[in-house]
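Asker: Let me give you the structure first, and then I'll get to my questions.
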Amino acid sequence: MENAVLTLSEIRNSAAVQKAIGHYDQKMDQKVQLPMETLKELLDLHGACEREAIKVFLKNAFKVVDQVFQKKLRLYLLF
């Protein structure tokens, strides 16, 4: 039973990461208008979209204990 829960958790959390990445990409595409005035403006926008993406992840994630998938999401959002 525990293996089934772990498997379900991995599947759901992988999907939650993908959904959050899609949300981030969509928001950045909608809001970024190059050229931007300053780097700070771009970084502020990135930060706002990143926070939204993390909320999307947490809303869709299942049994987030060790934050492995949240770390994967943050790594994607760094690059």
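Asker: How tilted is helix 68-78 with respect to the longest principal axis of the chain? Cα atoms for both, answer in degrees (0 to 90, nearest 10).
Answerer: Result, in degrees: 20.
Asker: Counting other Cβ atoms within 10 Å, which chymotrypsin sites (Phe, Trp or Tyr not before Pro) in the range 25-75 have at most 14 and lie in a DSSP loop?
Answerer: Filter output for the range 25-75: F62.
Asker: Scan the chain for GluC sites (Glu not before Pro) in coil per DSSP, keeping those whose Cβ has at most 13 other Cβ atoms within 10 Å, and list them by number.
Answerer: Counting only loop positions with at most 13 other Cβ atoms within 10 Å, the GluC sites (Glu not before Pro) in the chain are E37.
Asker: Contact order normalised by length for the chain, with contacts defined as Cα pairs under 8 Å and 6 or more residues apart; what percent is it?
Answerer: Relative contact order of the chain: 47 percent.
Asker: Residues with beta-carbon under 14 Å from that of E52, excluding E52: net charge, scoring Lys, Arg +1 and Asp, Glu -1?
Answerer: +3
Asker: What is the diffusion coefficient of the range 2-71 in µm²/s, taking the Kirkwood radius over Cα pairs and the Stokes-Einstein relation at 25 °C with a viscosity of 0.890 mPa s? Let's see the in-between values first.
Answerer: Values: Rh = 13.2 Å.
The calculation lands on 186 µm²/s.
FYI, it's all coordinate maths here, none of it is from the lab. All values reported here derive from a predicted model rather than from experimental measurement. Ideal geometry is used to build each Cβ from the backbone, glycine not excepted, and the neighbour counts take in all protein chains shown.
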